[in-house]
Amino acid sequence: MSLSDPLGDMLTRIRNAQRARHASCVSPASNLRLNVLEALQREGYIRGYKREEVRKGVAQLHIELKYSEGEPVIKEINRVSRPGRRVYSKIKELPRVRAGLGVSILSTPRGVLSDVEARAANVGGEVLCRVF
């Protein structure tokens with residue numbers, strides 16, 4: 001099956017699994033998805049992830065979701081830049097998510113970074129998603 005927005009598919013899987021109170025979810029693997037999950041783990045939104053080979057050339061990601069006192073840590077996770085409408089931001093024009101309580105995940109020349117890391121590195125890029 002071909003997906004037009006693989007990252008959006010993974011974010012939807014995470015959103016649906018947290019609403020159903022699942023401990024984990026599964027998504028097909030790709031380098032972009034791995035980098036976004038790494039940024040989410042660094043920011044403390046997911047417990048962890050693991051890449052697993054299903055068969056030769058096909059891999060899956062097992063994403064361990066994080067809960068705090070029975071409530072999901074991720075309240076909302078939205079795709080910003082889509083295949084039909086790419087959204088780029090200079091670092092000085094990058095808005096804060098919920099007054100700094102949430103983060104934006106950016107694809108920059110230095111890799112996939114959260115908005116906090118991008119501000120520290122003083123680089124802008126494509127705004128992939130926003131997490132609160």
Can you return the lysines within cross-link range of LYS66? Criterion is Cα-Cα under 19 Å, with same-chain partners fewer than 8 residues away left out. LYS50, LYS75
For the chain, take the longest principal axis of its alpha carbons; what is the angle in degrees between that and the long axis of helix 31-42, to the nearest 10 within 0 to 90? 80
About the Cα centre, and with charges only on the beta carbon of Lys, Arg (+1) and Asp, Glu (-1), how big is the dipole of the chain? Nearest 20 debye, please. 200
Would you pull out the residues with amide H under 5 Å of SER24's amide H, same chain only if 5 or more places away, H placed 1.01 Å from N? LEU65
Mind sorting out which of (1) 40, 30, 27; (2) 43, 38, 25; (3) 78, 26, 18 is the real Cα extents along the principal axes in Å computed from the coordinates? (2)
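Please report, as a whole percent, how much of the solvent-accessible surface of the chain comes from carbon and sulfur atoms (probe radius 1.4 Å).
Whole-percent figure for carbon plus sulfur exposure: 47.
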Amide H within-cut-off set for GLY124, under 5 Å, with H built and near neighbours excluded: ILE91
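What's the local net charge at PHE132, with K and R +1, D and E -1, over the other residues with C-beta under 15 Å away?
Net of charged neighbours comes to +4.
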Modelled FRET efficiency - R0 22 Å, HIS62 with ASN122, Cβ distances, 0.05 increments: 0.05
Placed amide H near ARG82: partners under 5 Å, 5+ positions off or other chain: VAL87
Compute the helix-to-body angle for 6-19: its Cα long axis versus the longest principal axis of the chain, expressed 0 to 90° and rounded to tens. 70
Whole number in Å², please: accessible area per residue of the stretch 23-73, 1.4 Å probe, ligands, DNA and RNA not counted. 58
Expected vector for the stretch 78-84, Karplus 3J(HN,Hα) from phi with 6.51, -1.76, 1.60 and θ = phi - 60°, integer Hz, x for Gly and Pro, equals 10, 7, 9, 8, 10, x, x
With N set to the number of residues, divide the alpha-carbon radius of gyration of the stretch 64-132 by 2.2 N^0.38 Å and report two decimals. 1.16
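The values are calculated or read from the model by the stated rules, or taken from the named source; none is laboratory data. Quick caveat, the model's predicted, so the values are computed rather than measured. Note: ideal-geometry Cβ built from the backbone for every residue, glycine included; neighbour counts use all protein chains shown. Just so you know, the surface numbers come from the protein's heavy atoms only, side chains and all, with ligands and any DNA or RNA stripped out. Shrake-Rupley method; radii C 1.70, N 1.55, O 1.52, S 1.80 Å.
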